[in-house]
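What follows is a single structure, written as structure tokens, with notes after it.
The values are calculated or read from the model by the stated rules, or taken from the named source; none is laboratory data. Just so it is clear, the model here is predicted, and its values are computed rather than measured. In this analysis, Cβ positions are derived from the backbone assuming ideal geometry, glycine residues included, and neighbour counts consider all displayed protein chains.
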Amino acid sequence: MRAGAIEYTGDDHVTRTLTAAGGYEEPALSPDGRTVAFIHVDGPARDGGDDPSTSLWIADGPTGQAHRLTGPHRSDTPAQNFASFAHPIFSLDGHFIYVSADAWVTSPAVHQISVATGQEHFVIDGGVASLIRTGPWRGYLLVGRRMYYAAPRQGSYDPVFVVRPDGKTMFPVPGTETDDGADHVAA
């Protein structure tokens, strides 16, 4: 990435500029190393919101051809709101991209987008931290979720869960129930 433009350097060691400069960010490379997904900041936030509208783009690195895969669409239902999103991560087979979309005041929402069609749908409340690439949970997501203590204790905490791509929560990652939840997983 250079000056808001996305670049790709292939096996031939040739660097191709995939976008014009300005507004492009967060490139993510597909597992096969050919496709790049990235976010475009489309404009300022509407209605006094904090985050700007975004769209998801993909590009074929070797040819340099890029196109918008899906854009923002607003909803009054937080799980369906897809106006501003970030942090693209490819599925292991490269057929889907996961993003964290603005949703509730206290939590984002994980959405899955088909690379073939651009069709998007809600997976689970929380922010996608990573995709597990090896081991028995290979292909599952690591999702930071806002949880609330049972009464009589008050307050909330943000553990990281192992989540199937269809949104089924498997279990919390041990040690993430403390204040450093996502940081604990990063190590």
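Val162 passes every criterion in (1) among the hydrophobic types (A, V, I, L, M, F, W, C); (2) surrounded by 13 or more Cβ atoms within 10 Å (Cβ to Cβ); (3) touching a His at 6+ places or on another chain (Cβ under 8 Å) apart from (3). Consider region 119-145. How many of its residues are charged (D, E, K, R) and assigned to a loop (DSSP other than H, G, I, E, B)? The total comes to 3.
So which of Ala37, Ala116 ends up being aliphatic (A, V, I, L, M) and either farther than 24 Å from Val163 by Cβ or not in a loop (DSSP other than H, G, I, E, B) (or both)? Step through it out loud before you land on a result.
Numbers: Ala116 fails: either farther than 24 Å from Val163 by Cβ or not in a loop (DSSP other than H, G, I, E, B) (or both).
Among Ala37, Ala116, only Ala37 is aliphatic (A, V, I, L, M) and either farther than 24 Å from Val163 by Cβ or not in a loop (DSSP other than H, G, I, E, B) (or both).
Just one of (1) over 19 Å from Pro72 (Cα atoms); (2) modelled with pLDDT under 95; (3) assigned to a loop (DSSP other than H, G, I, E, B) fails for His184. It is (3). Only one of the numbered conditions (1) farther than 23 Å from Val115 by Cβ; (2) modelled with pLDDT under 90; (3) loosely packed, with under 13 Cβ neighbours inside 10 Å is violated by Asp51, and that is (3).
Summed over region 79-95, residues that are touching a residue at least 40 places away in the same chain (Cβ under 8 Å) and surrounded by fewer than 21 Cβ atoms within 10 Å (Cβ to Cβ) total 9.
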